[in-house]
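Participant: To start, I am sharing the structure in question, which I have written as structure tokens.
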Amino acid sequence: MRHARDCDLDLIEPLLIELRRRAGMTERKRGVFYRGSKAFLHFHEDAGAIYADVRTGDEFERIAIASEAGHSTLLGAIDTALSRR
């Protein structure tokens with residue numbers, strides 16, 4: 001599993017646009033989001049599939065985002081995490 005490259009991120013650009021609209025996190029590098037000084041969200045590619053790692057507490061949770069359901073799951077996890085202090 002490797003970190004997503006620009007060509008991988010091109011495939012999820014509509015999702016990235018939606019993520020950029022969320023208050024409370026900053027995109028420091030394309031596809032790499034921080035909340036304050038802590039890494040909060042980034043993406044991986046493995047065998048042609050793209051996964052998101054989102055910090056939902058002390059640890060990261062990996063979410064497959066190949067489908068609309070995956071996008072919804074990711075956005076829900078992000079919104080929940082952002083609503084916490």
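Participant: Hey, what did the chain get for relative contact order, percent, Cα under 8 Å, at least 6 apart?
Facilitator: Answer for the chain is 21 percent.
Participant: With a cut-off of 18 Å, note down the residues of the range 1-31 whose backbone N falls inside the zone around a label point 7 Å from the Cα of ALA47 toward its beta carbon.
Facilitator: Only 1-4 pass the distance filter.
Participant: Still on this structure, please answer the following. Taking a ≥ b ≥ c as the square roots of the eigenvalues of the Cα gyration tensor of the range 1-47, is the shape rounded (a/c under 1.5), prolate (a/b larger than b/c) or oblate?
Facilitator: Oblate shape, in that a/c is at least 1.5 and b/c is the bigger or equal ratio.
Participant: Please get the size of the charge dipole for the chain, origin at its Cα centre, with Cβ charges of +1 on Lys and Arg and -1 on Asp and Glu, quoted in debye to the nearest 20.
Facilitator: 520 debye
Participant: Go through (1) 17.5; (2) 18.1; (3) 12.8 and flag the label whose value is the computed Kirkwood radius over Cα pairs in Å for this structure.
Facilitator: Checking each listed value against the structure points to (3).
Participant: Just to verify a number: what accessible area does HIS71 come out at with the full protein assembly present, 1.4 Å probe, Å² rounded to tens?
Facilitator: Taking all protein chains as shown, HIS71 has close to 40 Å².
Participant: Full-extension gain between SER67 and GLU18, please, as 0.36 nm times their residue separation minus the C-alpha to C-alpha distance.
Facilitator: 16.1 nm
Participant: Mind grabbing the accessible area of ARG55 for me, 1.4 Å probe, Å², rounded to tens?
Facilitator: 50 Å²
Participant: Which angle between 0 and 90 degrees, to the nearest 10, do you get for helix 68-83 versus the longest principal axis of the chain when only C-alpha atoms count?
Facilitator: Taking the Cα atoms of the chain, the angle to 68-83 is about 20 degrees.
The values are calculated or read from the model by the stated rules, or taken from the named source; none is laboratory data. In this text the structure is predicted, and so the values were computed from the model without any measurement. Counting neighbours? That spans all protein chains shown, and the Cβs are built from the backbone with ideal geometry, glycine included. SASA here: full protein model, heavy atoms, side chains in, ligands and nucleic acids out. Shrake-Rupley method; radii C 1.70, N 1.55, O 1.52, S 1.80 Å.
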